[in-house]
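Below: the structure, in structure tokens.
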Amino acid sequence: MTELHEVQITEEKPLLLPPSQPVPGKKHSVETPYGLVAFTVHGTPKPKRPAILTYHDVGLNHQSCFEPLFRFEDMQEIIKNFVVVHVDAPGMEEGAPLFPLGYQYPSLDQLADMIPCILQYLNFTSIIGIGVGAGAYILARYSLSHPDTVEGLVLINIDPNAKGWMDWAAHKLTGLTSSIPEMILAHLFSQEELSGCRELVQQRRESLVGASNLSNIQLYWSSYNTRRDLNFERGGDVTLKCPVMLVVGDQAPHEDAVVECNSKLDPTQTSFLKMADSGGQPQLTQPGKLTEAFKYFVQGMGYMASSCMTRLSRSRTASLSSAASGDGSQSRSRTLSQNSESGSPQPPPPPAPGSRAHTMEVSC
């Protein structure tokens, strides 16, 4: 027995972190014509697969905007198939120094023009973009100027329109009575969330009020409010040429803008996901629903075709197939209603190889 004890092998996994801790990424920064930009890379490049590149909204950084989504259990199945790059807008990364007084912060167009420098630095050739708010606009702008490098886009809370003079006047008047943190909170969250003093809103309020880089955040906010119109036109030359999934929460501040954006994009390339009970930040409040929709999105692009469905997907496959077979409509848009029992989305199955997906309006 003594000899057995001496040769007994104990399995150790020192590189594995507890599930409660995020896997650390490798931080990088690169100089661009418009200043330094920081980004964090998770995983290693996969042959013949694009990188997933994220861009956050105003008042957030890549961690506060995307961590709940990318730490979600079912998302792990997806991201193990791709390398992930989280971009922080200049001055938004943790520990960022303050810009000097009078610093000219890049416009959103210039922030989009920083992305090629990141891809060149990493030697990546193509991306699937996930952007929220200002970040969604930046990725859309980048896709317009570099369509060959974008395989797909998930745009959450995108407003493709420039502010009109009435919007500008209202913004100026609001600035006289509201602080920068409160104005940003109204951009991030629905009125119901703000009036209900929900925990997520309170956490973001405290974070903004106590932010050491609040003056940097204000510069990003100013660039967002002076953005140019993307001038999308259905059937025109200015459009997104890759598959696009538009996402917005029901009653979210940008619901109307996203609906309008959907009406201007190619219906054969665009799906529209309106999420109930998700507020203004669906990637934070409903990461499970968004993860499943994203999984179907990448499967529709031809990736992860052999991936197992989630338990939730398997449980409703029969009912979804039945509903599809009983639908005689040949219209270009369909609405899949919420499963009243599970409260979960019923995203479409990926299209058959060689086919093109129609606009899909999913209410969940």
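Taking the options V58, V37, name whichever one is assigned to a loop (DSSP other than H, G, I, E, B) and not small (G, A, S).
V58
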Filtered residues of the stretch 198-229 (kept if closer than 15 Å to T285 by Cα, of a type outside the set (D, E) and open to solvent by 20 Å² or more (accessible area, probe 1.4 Å))
R198, L200, Q202, Q203, R204
Of all residues in the stretch 253-278 being more than 15 Å from the chain's Cα centre (by Cα) and open to solvent by less than 10 Å² (accessible area, probe 1.4 Å), the one that is nearest to V298 (Cα to Cα)
T270
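This table checks each residue for (1) under 14 Å from K289 (Cβ atoms); (2) in a helix (DSSP H, G or I).
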site	(1), (2)
V238	no, no
K241	no, no
M245	yes, no
V248	yes, no
Q251	no, no
V258	no, yes
S263	no, yes
T268	no, no
K274	yes, no
So, in the stretch 63-86, exactly how many residues are over 12 Å from the mean Cα position of the chain (by Cα) and aromatic (F, W, Y)?
2
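For (1) in contact with a Ser or Thr (Cβ under 8 Å, 6 or more places away or on another chain); (2) exposed (fewer than 10 other Cβ atoms within 10 Å of the Cβ); (3) at pLDDT below 55; (4) more than 25 Å from V244 (Cβ to Cβ), each residue gets a yes or a no:
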position	(1), (2), (3), (4)
L4	no, yes, yes, yes
Q8	no, yes, yes, yes
E12	no, yes, yes, yes
V23	no, no, yes, yes
V30	no, no, no, yes
K48	no, yes, no, no
L60	no, no, no, no
Looking only at the stretch 212-247, and only at residues there that are acidic (D, E) and touching a residue at least 24 places away in the same chain (Cβ under 8 Å), the one that is nearest to Y105 (Cα to Cα):
D229
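Out of the stretch 70-119, which residues are among the aromatic types (F, W, Y) and in a loop (DSSP other than H, G, I, E, B)?
Residues of the stretch 70-119 among the aromatic types (F, W, Y): 70, 72, 82, 99, 103, 105.
Once the filter is applied, which keeps residues that are among the aromatic types (F, W, Y) and in a loop (DSSP other than H, G, I, E, B), the stretch 70-119 yields F72, F82, F99, Y103, Y105.
Residues in the stretch 280-289 that are open to solvent by less than 10 Å² (accessible area, probe 1.4 Å) and closer than 13 Å to E67 by Cα: how many?
Within the stretch 280-289, the first condition is being open to solvent by less than 10 Å² (accessible area, probe 1.4 Å), and the residues that meet it are 280-283.
When the remaining residues are screened for being closer than 13 Å to E67 by Cα, the result is 281-283.
Looking only at that region, the number is 3.
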Could you check the stretch 124-207 for helices (runs of 4 or more DSSP H) lying wholly inside it with 2 or more residues that are modelled with pLDDT of 95 or more?
134-145, 180-188
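Is there a residue being touching an Asp or Glu at 6+ places or on another chain (Cβ under 9 Å), surrounded by 13 or more Cβ atoms within 10 Å (Cβ to Cβ) and modelled with pLDDT of 95 or more anywhere in the stretch 64-80?
Keep residues of the stretch 64-80 that are touching an Asp or Glu at 6+ places or on another chain (Cβ under 9 Å), which gives 65, 74.
Right, trim to surrounded by 13 or more Cβ atoms within 10 Å (Cβ to Cβ) and you get 65, 74.
Now drop any that are not modelled with pLDDT of 95 or more, which leaves 65.
Yes: the stretch 64-80 contains one or more residues that are touching an Asp or Glu at 6+ places or on another chain (Cβ under 9 Å), surrounded by 13 or more Cβ atoms within 10 Å (Cβ to Cβ) and modelled with pLDDT of 95 or more.
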Among all residue pairs at least 6 apart or on different chains, which show Cβ distances below 8 Å where the first residue, located in the stretch 189-211, is closer than 17 Å to H62 by Cα and the second is part of a helix (DSSP H, G or I) and of a type in the set (S, T, Y)?
L200/T285; R204/S64; S207/S64
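The values are calculated or read from the model by the stated rules, or taken from the named source; none is laboratory data. Predicted model only: the values in this text are computed from it and were never measured. Glycine also receives a Cβ, built like all others from the backbone with ideal geometry; neighbour counts cover every protein chain displayed. SASA here: full protein model, heavy atoms, side chains in, ligands and nucleic acids out. Shrake-Rupley method; radii C 1.70, N 1.55, O 1.52, S 1.80 Å.
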